[in-house]
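Novice: I have a structure here, written as structure tokens, and I will follow up with some questions on it.
No value in this document is a laboratory result; all are computed from the given coordinates. Computed from a predicted structure; not experimentally measured. FYI the Cβ positions are ideal-geometry reconstructions off the backbone, even for glycines, and counts take in every protein chain you see.
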2 protein chains.
Amino acid sequence: MLMMADFFVKTSAPVSELPQNDRPKMFLFGTPSYTNMGDQAVSLAIRKYFELEFPQYQFIEIMDYDTHAGIKAVKEIINARDIVGYTGGGNLGSLYTDIEEGRREVFKTFTHNLTISFPQSIHFEKNDYGEKELELSQAAYASNPNLVLFARDAQSFRRMQKAFDNHVRFTPDMVLFLEPRILKLKRQGALFVLRHDGEKVLTESFITTLKDVLAKEGPVERTDTVLENPAKITPVTRERLFEEILEKIASQEVIVSDRFHAMVFSVLTQTPCLLFGNSYGKGKHAYYDWLENVKWIQYTDETDLGRITTQIDDLKKAPVHDFELRANFKDLDRLLQAHTAKFN
Amino acid sequence: MLMMADFFVKTSAPVSELPQNDRPKMFLFGTPSYTNMGDQAVSLAIRKYFELEFPQYQFIEIMDYDTHAGIKAVKEIINARDIVGYTGGGNLGSLYTDIEEGRREVFKTFTHNLTISFPQSIHFEKNDYGEKELELSQAAYASNPNLVLFARDAQSFRRMQKAFDNHVRFTPDMVLFLEPRILKLKRQGALFVLRHDGEKVLTESFITTLKDVLAKEGPVERTDTVLENPAKITPVTRERLFEEILEKIASQEVIVSDRFHAMVFSVLTQTPCLLFGNSYGKGKHAYYDWLENVKWIQYTDETDLGRITTQIDDLKKAPVHDFELRANFKDLDRLLQAHTAKFN
């Protein structure tokens, strides 16, 4: 049974058939059911973008576990004016093969439709496995002349141009399209938001030492942007969970993280955040490309505890201010405007 | 009298009239007569790019001091299929107003022709003067719907999209289009390549201290990519001077610099190079965007002498290897291919 978010939201019940009507459609594949709140926020932001900027499109999400059934169902009703998308995030490459396989299937199926790979970071490992995965993706992407890949950082832009002959465009992560949330909650303590996956590079001993230092100044807690419960998230439940995590972030004096979206949530809520690296620099590059001027955010490769505590103290004192990234989504706007104009 | 490099090179004499023939033309404005070898190398690289990739175009350079006369002369012979360009570099903005004025004049004159602003860094100062300059540039650029701005780093891409409504594309600096030069010269000592302009942020006391440290290991010399003589450079003399500076760089054990193009020349010649910042991060951003994986190059914001000497020692031991940025000029290729196809 397909879960189509658009209908689900409006009817409060899952439906098993795609809508057939006169509206042009945006089919977003890969909507995450898993509990990574970064990826959840990306899919939410893509929906918000369309609702605000291209409301004429009926926005239909196909959940990650429904990719195969969704492809079959969409093939039956799709028109030339309809758009196919695959959700954004930091999972294009060889580290999350199940997701990459779904992306390939979608791209090589809808070769006659404008196909948008929403802003991603890319990382194919430099070993036999990574190279084989890259070849599979190259073959799939090359079969779609209407595919446009969006990179969310300059490193990914460079890598995508090298790996693929498709058009590559450069915008921020979709979550940075969302409006800032000035929640004015009481702030207390430090929250460590840390990954537990193969991208982790911080050692546990370093984390423990840094926690001990910060514990002298106030309460210290540890969490992750990947939730332990609920077990699954749907387009119905994700917005509330997204608001909850923003509130959690916004009630801290400082965030210490190696999670790209912990940084982004801190940007949105004006929460001081010190970001450390992951295995291939996706947070680092996005920081330098888009967020270097946001005074309450800092990326660091530092390992010296004295320097790190100075950085954290400085962040806590940093002034808040407006920032403006809307103009940097222009290439996405223009792609969709040009497509829409063709069918009017 | 106009100096047109193409004719000058071929005839060994300046000519006072632009050529009229059946070939489509590429008019490159802003070719530097001043002795900044970085800017000289940029104009040389643009010429090499056209000679290699689009040889059907007659490539005509108009020197910086000839902008007004050149505009007048070009207006009389230009056709729809001809292309107008303004040279690349790190001078778009309010720091070099004479250059920016020429750029505005060119952009607002040839509004019916494909107009290419070759890869630049952008910096308008955040003060009354900078904001007035920005408004003048915005008005001029906005009058040309066929203008495409190329940014050579992600910070500039972000800033250009915010400042201008023109299309903005993202490629490396044009000098990185040139082939590496493996000169195999005997290497000795350290060369400090340091700016003397308003973009300088390194202090003289810091430089002296670092020179003293490196002087213990071998000869230390100081220079700049801006030559003291000759007083002027022409398209005839620049290639030899370019080869000379590459040889100078390639005969050092290490380059210490705050010059973007000292880094680029070090990339091309496999010379270890530690790059420090300028006033607005143009070298830093280009490093992270394009050169982070080049093992003999390192950008640093470090001020601790011990850490800096460790970085230099590591660079001297770094392995050389191939690197590949050709794919990252694709957006320039495609723009020119699309334009060329329209007139075939």
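Novice: Anyone know which of A:V213, A:V168, A:V193 comes out most mobile in the 10 Å Cα GNM of chain A?
Specialist: So, out of A:V213, A:V168, A:V193, the one fluctuating most is A:V213.
Novice: Now for a separate question. Once the Cα atoms of helix B:97-109 and of chain B are each reduced to a long axis, what angle between those two axes, in degrees from 0 to 90 to the nearest 10, is obtained?
Specialist: So the helix axis and the longest Cα principal axis differ by about 30 degrees.
Novice: Run the helix sum for chain A: -39,500 (n - 2.57) per DSSP H stretch of 4+ residues, divided by residue count, reported at 222 nm to the nearest 500 deg cm²/dmol.
Specialist: The helix-only estimate for chain A comes to -12500 deg cm²/dmol at 222 nm.
Novice: Between the alpha-carbon centers of region A:227-282 and region B:75-94, tell me the distance in whole angstrom.
Specialist: Centre-to-centre distance over Cα atoms comes out at 46 Å.
Novice: Something else now. Looking at A:V106, A:Y96, A:I122, which one has the Cα that reaches farthest to the positive end of the dipole of region A:92-151 (charges on Cβ: Lys, Arg +1; Asp, Glu -1)?
Specialist: Looking along the dipole axis, the top candidate is A:V106.
Novice: Report ³J(HN,Hα) in whole Hz for each residue of region A:29-35, in order, from the Karplus equation J = 6.51 cos²θ - 1.76 cosθ + 1.60 where θ = phi - 60°; Gly and Pro get x.
Specialist: Values, residue by residue: 8, x, 3, x, 9, 6, 9 Hz.
Novice: Restricting the count to DSSP beta bridges whose residues both fall in chain B, what percent are antiparallel, rounded to a multiple of 5?
Specialist: DSSP beta bridges in chain B are roughly 5 percent antiparallel.
Novice: Run through the other copies and list how far each one's label point is from that of B:Q56, in nm with one decimal, shortest first; the point sits 7 Å from Cα along Cα-Cβ.
Specialist: From this label point to the equivalent ones elsewhere in the assembly: 3.6 nm.
Novice: Filter the trypsin sites (Lys or Arg not before Pro) in region B:157-236 down to the DSSP loop ones having no more than 10 other Cβ atoms within 10 Å, then list what survives.
Specialist: Details: sites: B:R158, B:R159, B:K162, B:R169, B:R181, B:K184, B:K186, B:R187, B:R195, B:K200, B:K211, B:K216, B:R222, B:K232; in loops: B:R181, B:K184, B:K186, B:R187, B:R195, B:K216, B:K232.
Counting only loop positions with at most 10 other Cβ atoms within 10 Å, the trypsin sites (Lys or Arg not before Pro) in region B:157-236 are B:K184, B:K186, B:K216.
Novice: Using the alpha-carbon atoms, what tilt in degrees (0 to 90, nearest 10) does helix B:154-163 show relative to the longest principal axis of chain B?
Specialist: 40 degrees
Novice: Among B:R104, B:R47, B:R307, which one moves the most in a GNM of chain B with springs linking Cα atoms closer than 10 Å?
Specialist: Result: B:R307 has the largest fluctuation of those listed.
Novice: Tell me the label-point distance for the pair A:S251, B:K184, using the 7 Å Cα-to-Cβ offset, in nm and rounded to one decimal.
Specialist: 6.9 nm
Novice: Can you give me the Rg/Rh ratio for the protein assembly as shown, using Cα atoms for both radii and the Kirkwood formula for Rh?
Specialist: Answer for the protein assembly as shown: 0.98.
Novice: Determine the dipole magnitude for chain A: charges of +1 sit on the beta-carbon of Lys and Arg, -1 on that of Asp and Glu, nothing else is charged, the reference point is the Cα centre, and the result goes in debye to the nearest 20.
Specialist: So the dipole magnitude of chain A works out to roughly 640 debye.
Novice: Taking only C-alpha pairs under 8 Å that are 6+ residues apart, what is the relative contact order of region B:73-133 in percent?
Specialist: Values: 74 pairs, mean separation 27.3, N = 61.
Once divided by the residue count of region B:73-133, the mean separation gives 45 percent.
Novice: Further, regarding this structure: Just tell me the longest site-free run in chain A, where the sites are GluC sites (Glu not before Pro) in a DSSP loop having at most 14 other beta-carbon atoms within 10 Å.
Specialist: Here the longest run is A:18-227.
Novice: Under the definition of partner shielding as Cβ atoms of other protein chains within 10 Å of a residue Cβ, what is the mean value for peptide B:287-295?
Specialist: So the per-residue partner count for this stretch is 3.
Novice: Applying the Karplus parametrisation 6.51 cos²θ - 1.76 cosθ + 1.60 with θ = phi - 60° to the phi angles of region B:263-270, what ³J(HN,Hα) value in whole Hz is obtained for each residue in order, glycine and proline being reported as x?
Specialist: For region B:263-270, the Karplus curve yields 4, 5, 5, 5, 4, 5, 9, 6 Hz.
Novice: Determine which chain A residue has its Cβ at minimum distance from the rotation axis mapping A onto B, giving the value in whole Å.
Specialist: A:A154, 2
Novice: Let me ask another. Might you report the magnitude of the Cβ-based charge dipole of region B:12-119 about its Cα centre, with Lys and Arg at +1 and Asp and Glu at -1, to the nearest 20 debye? Display every interim value, and only then the final one.
Specialist: Values: 10 positive and 14 negative charges, 52 e Å.
Its charge dipole is roughly 240 debye.
Novice: Is any residue of region A:274-290 close enough, with backbone N under 20 Å, to a label point placed 7 angstrom from the Cα of A:E217 along the Cα-Cβ axis, and if so, which?
Specialist: Under cut-off, by backbone N: A:274-277.
Novice: Which whole number in µm²/s is D for chain A by Stokes-Einstein, with the Kirkwood Rh taken over Cα pairs at 37 °C and 0.692 mPa s?
Specialist: The calculation lands on 158 µm²/s.
Novice: Let's test the formula: R0 of 22 Å, r as the Cβ-Cβ distance of B:Y65 and B:N229. What FRET efficiency results, to the nearest 0.05?
Specialist: Efficiency, from the Cβ-Cβ distance: 0.75.
Novice: For region B:107-218, max minus min Cα coordinate along each principal axis, in Å, sorted largest first?
Specialist: 58, 39, 22
Novice: Something else: Which cross-chain or sequence-distant (5 or more) residues have an amide H under 5 Å from the amide H of A:Y299, H modelled 1.01 Å from N in plane?
Specialist: Here A:L275 satisfy the definition.
Novice: Picking from A:H321, A:H123, A:H261, which is most flexible by a Gaussian network model of chain A using Cα springs under 10 Å?
Specialist: Fluctuation is largest for A:H321.
Novice: What is region B:190-317's relative contact order, in percent, from Cα pairs under 8 angstrom and six or more apart in sequence?
Specialist: 26 percent
Novice: If you don't mind, another one. Please turn the phi angles of region B:329-344 into ³J(HN,Hα) values with the Karplus equation 6.51 cos²θ - 1.76 cosθ + 1.60 (θ = phi - 60°), one per residue in order, whole Hz, x for glycine and proline.
Specialist: Once rounded to whole Hz, the list reads 9, 3, 5, 6, 3, 5, 4, 6, 4, 5, 5, 4, 5, 4, 10, 10.
Novice: While we're here: Give the order of B:L95, B:L176 when sorted by the count of other beta carbons within 10 angstrom, beginning with the fewest.
Specialist: B:L95, B:L176
Novice: Sticking with this structure for a sec: Evaluate E = 1/(1 + (r/R0)^6) for B:T208 and B:D165, where r is the Cβ-Cβ distance and R0 equals 56 Å; express this FRET efficiency to the nearest 0.05.
Specialist: 0.75
Novice: If I take the Cα coordinates of region A:190-317 and project them onto the principal axes, what are the three extents in Å, biggest first?
Specialist: In descending order, the Cα extents are 44, 30, 29 Å.
Novice: Oh, and also: Place a +1 charge on the Cβ of each Lys and Arg in the protein assembly as shown and a -1 charge on the Cβ of each Asp and Glu, then give the dipole magnitude about the Cα centre in debye, rounded to the nearest 20.
Specialist: 740 debye
Novice: Give me, ordered by chain and number, the residues 5 or more places off B:Q58 or on other chains with an amide H under 5 Å from its own placed amide H.
Specialist: B:K25, B:M26
Novice: Long-range amide H contacts for B:S94: which residues qualify at under 5 Å (H placed 1.01 Å from N, peptide plane, sequence gap of 5 or more or a different chain)?
Specialist: For B:S94, whose amide H was placed from the backbone, the distant partners under 5 Å are B:H123, B:F124, B:E125.
Novice: Set the bar at 24 Å for Cα to Cα. Now go through A:K72/A:K330; A:K162/A:K282; A:K48/A:K200; A:K72/A:K282; A:K132/A:K284; B:K284/B:K317 and name every pair that lies beyond it.
Specialist: Going by Cα-Cα distance, A:K72/A:K330; A:K48/A:K200; A:K72/A:K282; A:K132/A:K284 fall outside the 24 Å limit.
Novice: Continuing with the same structure: Just want the answer: with Cβ charges of +1 for Lys and Arg and -1 for Asp and Glu, which residue in A:I245, A:F50, A:L194 is farthest toward the dipole's positive end in the protein assembly as shown?
Specialist: Towards the positive end, the residue furthest out is A:F50.
Novice: What angle do you read, to the nearest 10 degrees and between 0 and 90, between the alpha-carbon axis of helix A:37-53 and the longest principal axis of chain A?
Specialist: It works out to around 50 degrees.
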